[in-house]
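**Q** Quick one: the structure is below, and I'll ask about it shortly.
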Amino acid sequence: MLTFSKMHGIGNNYIYINCFQETVTDPEKLAVFMSDVRFGVGSDGLVLILPSKVADFRMRIFNADGSEAMMCGNATRCIGKYVYDMGMTDQTEITLETNSGIKYLTLYVKDNKVESVKVDMGKAILKPADIPMLSDLEQFIAQPVEVDGKTYQVTGVSMGNPHAVVFLPKIDHLDLEKIGPLFEHHPLFPNRVNTEFVRVIDDHTLQMRVWERGSGETFACGTGTCASVVAAVLNGYCKREERILVHLRGGDLEIIYHNDDTVTMIGPATYVFEGKMEVPNL
């Protein structure tokens, strides 16, 4: 029997396994199995909480299709809540090793439970070769990209994983099931891409929908929200060093893009339930 926890960051829901206590030998196949809503638990993917030699804890994250992601902002907040609420640490300032570097978390606690988490997400990466994107430009800001016969103005940002940000006047009725995969597998992005469709409400407020590579449309994406605010600043819609409120399908996040190119994310983390399940021979 495998013990797991279900958690979400404003609707971006993952299955969390405490690998201080459990052993996972094939996380790619386990992610596919457990993410399936009929035969498994149902989720956007699988997160492993592991020991680290360079930080307090380590995270590995796998999308619902089994592909390993570099980073997930919502999952970092959930891990912060998990390790504190479960008594794995009594510190409110912790470090988390990810595949895109060490992240620094500040836990905001009320009644001995973490309510929200601030994450230093590191520096935004803007050079296309490092995102990666197949472009010789120094930065890929509001550049025309044709998708399914229509031209979109795309801004490329990496927050440890690649993002394509598209600003549109309306996003509520976008057919993401159709256009999302076309962006994800566009030849401009050799490692596929997460795509954010963003409406600017005012200079402190954005609305966003996201198509995540390997998972489809999700209710939230922490790194995508950070990338959207970075892109909004680069396109002149918002300013650095100011809190930008972003409305996602699952809730709200606050993002600050600093003068040193680092990004801060502030948002909630929610525990849903703990369970045990039999895992077949995968």
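The values are calculated or read from the model by the stated rules, or taken from the named source; none is laboratory data. Keep in mind that this is a model prediction, so the values were computed, not measured. Positions of Cβ are backbone-derived with ideal geometry, glycine not excepted, and every protein chain shown enters the neighbour counts. Side chains are part of the model used for accessible areas, which takes the heavy atoms of the whole protein and leaves out ligands, DNA and RNA. Shrake-Rupley method; radii C 1.70, N 1.55, O 1.52, S 1.80 Å.
**Q** What number of residues within region 41-92 are within 18 Å of VAL117 (Cβ to Cβ), of a type in the set (A, V, I, L, M, F, W, C) and touching a residue at least 60 places away in the same chain (Cβ under 8 Å)?
**A** 7
**Q** Determine, yes or no, whether LYS118 is assigned to a strand (DSSP E or B), more than 20 Å from TRP211 (Cα to Cα), under 20 Å from the mean Cα position of the chain (by Cα) and touching a residue at least 60 places away in the same chain (Cβ under 8 Å). Don't jump to the end; show me each part of the working.
**A** Values: assigned to a strand (DSSP E or B): yes; more than 20 Å from TRP211 (Cα to Cα): yes; under 20 Å from the mean Cα position of the chain (by Cα): yes; touching a residue at least 60 places away in the same chain (Cβ under 8 Å): yes.
Here the answer is yes, as LYS118 does meet what is asked.
**Q** Please go through region 127-155 and pick out each residue that is in contact (Cβ under 8 Å) with a residue 60 or more places away in the chain and on the phi > 0 side of the Ramachandran plot.
**A** ALA142
**Q** Does region 227-264 hold any residues that are at positive phi and open to solvent by 50 Å² or more (accessible area, probe 1.4 Å), and which are they?
**A** Going through region 227-264, the residues at positive phi turn out to be 236, 241, 251, 261.
GLY236, GLU241, ASP261 - these are the residues of region 227-264 that are at positive phi and open to solvent by 50 Å² or more (accessible area, probe 1.4 Å).
**Q** Search region 265-282 for residues being among the small types (Gly, Ala, Ser) and surrounded by 15 or more Cβ atoms within 10 Å (Cβ to Cβ), and hand back the single one that is nearest to PHE4 (Cα to Cα). So that I can check it myself, show each step before the final result.
**A** In the first step, residues of region 265-282 are kept if they are among the small types (Gly, Ala, Ser); the result is 267, 269, 275.
Filter once more, so that each one left must be surrounded by 15 or more Cβ atoms within 10 Å (Cβ to Cβ): 267, 269.
On the way: GLY267: 23, ALA269: 16 Å.
Residue satisfying both the conditions and the ranking: ALA269.
**Q** Under the condition of being among the hydrophobic types (A, V, I, L, M, F, W, C) and open to solvent by 20 Å² or more (accessible area, probe 1.4 Å), which residue from region 31-54 is farthest from ALA75 (Cα to Cα)? Lay out the reasoning, then the answer.
**A** Just the residues of region 31-54 that are among the hydrophobic types (A, V, I, L, M, F, W, C), to begin with: 31-34, 37, 39, 41, 46-50, 54.
Going one step further and asking which of them are open to solvent by 20 Å² or more (accessible area, probe 1.4 Å), we end up with 32-33, 37, 39, 41, 50, 54.
Values: VAL32: 17, PHE33: 19, VAL37: 19, PHE39: 23, VAL41: 17, LEU50: 13, VAL54: 19 Å.
Among them, the one singled out is PHE39.
**Q** When you go through (1) in contact with a Gly (Cβ under 6 Å, 6 or more places away or on another chain); (2) open to solvent by less than 10 Å² (accessible area, probe 1.4 Å) one by one for MET70, which number turns out not to apply?
**A** Here MET70 clears every test but (2).
**Q** I've got another one for you. Is it the case, given these coordinates, that ALA227 is within 20 Å of TYR82 (Cα to Cα) and either modelled with pLDDT under 95 or not polar (S, T, N, Q) (or both)? Break it down into steps so the answer makes sense when it comes.
**A** Numbers: within 20 Å of TYR82 (Cα to Cα): no; either modelled with pLDDT under 95 or not polar (S, T, N, Q) (or both): yes.
For ALA227, the condition - within 20 Å of TYR82 (Cα to Cα) and either modelled with pLDDT under 95 or not polar (S, T, N, Q) (or both) - is not met.
**Q** Given the conditions (1) open to solvent by 60 Å² or more (accessible area, probe 1.4 Å); (2) touching a Phe, Trp or Tyr at 6+ places or on another chain (Cβ under 8 Å); (3) farther than 26 Å from VAL272 by Cα, and given that GLU93 satisfies all but one, which numbered condition is not satisfied?
**A** (3)
**Q** In region 162-214, what residues are open to solvent by 10 Å² or more (accessible area, probe 1.4 Å), out of contact with any His (no Cβ under 6 Å at 6 or more places or on another chain), closer than 24 Å to LEU245 by Cβ and not hydrophobic (A, V, I, L, M, F, W, C)?
**A** PRO169, LYS170, ASP172, HIS173, ARG199, ASP202, ASP203, HIS204, THR205, ARG209, GLU212
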